[in-house]
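The values are calculated or read from the model by the stated rules, or taken from the named source; none is laboratory data. In this text, all values refer to a predicted model and were calculated from it rather than measured experimentally. Note that we place each Cβ from the backbone using ideal geometry, even for glycine, and neighbour counts take in every protein chain shown.
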Amino acid sequence: MGNVEQIVLNSYRKVLEDSGRDTNVSLDVVIGRNTGLDSLGLVNLMVEIEEALDITLESVLIEIRQSIMLFELVPLVERALKESMS
């Protein structure tokens, strides 16, 4: 599931690009207004990830909203992906 990291990163880049922000980011970025991800941006990010993986992130939504760093989303997305396969 190493591909999940790339999907999270690409989805984040797309959301930033769509809002006219700098897309030169890494998984070590802090999620928040400073980097162009307000609450609507977070929703857009989740939609991008869900569409890329054809899953729902509803089961990890609370944890996603509590995440501070982008890399924190990776295990949450992986967990939602595993749940969707069972």
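Observations on the model:
- Note on segment 68-86: residues that are surrounded by fewer than 17 Cβ atoms within 10 Å (Cβ to Cβ) and of a type outside the set (Phe, Trp, Tyr) total 10.
- Residue identified as surrounded by 15 or more Cβ atoms within 10 Å (Cβ to Cβ) and more than 12 Å from the chain's Cα centre (by Cα) among 7, 55: 55
- Whichever residue in segment 38-52 is modelled with pLDDT of 95 or more and among the charged types (D, E, K, R) and, among such residues, is farthest from the chain's Cα centre (by Cα): 51
- The requirement of being free of Cβ contacts under 8 Å to residues at least 60 places away in the same chain and either buried (at least 18 other Cβ atoms within 10 Å of the Cβ) or in a helix (DSSP H, G or I) (or both) is fulfilled nowhere in segment 20-27; no residue meets it.
- Residue 60 vs. criteria under 13 Å from residue 78 (Cα atoms), part of a helix (DSSP H, G or I) and either in contact with a Gly (Cβ under 9 Å, 6 or more places away or on another chain) or in contact (Cβ under 8 Å) with a residue 12 or more places away in the chain (or both): yes
- Among the conditions (1) over 11 Å from the mean Cα position of the chain (by Cα); (2) at pLDDT 95 or above, residue 26 misses just one, which is (2).
- Among the residues of segment 30-57, those identified as assigned to a helix (DSSP H, G or I) and touching a residue at least 12 places away in the same chain (Cβ under 8 Å) are 35, 41, 42, 44, 45, 46, 48, 49, 52, 53.
- Per this entry, residue 13 is counted among residues that are within 13 Å of the chain's Cα centre (by Cα), charged (D, E, K, R) and either at pLDDT below 95 or not in a helix (DSSP H, G or I) (or both).
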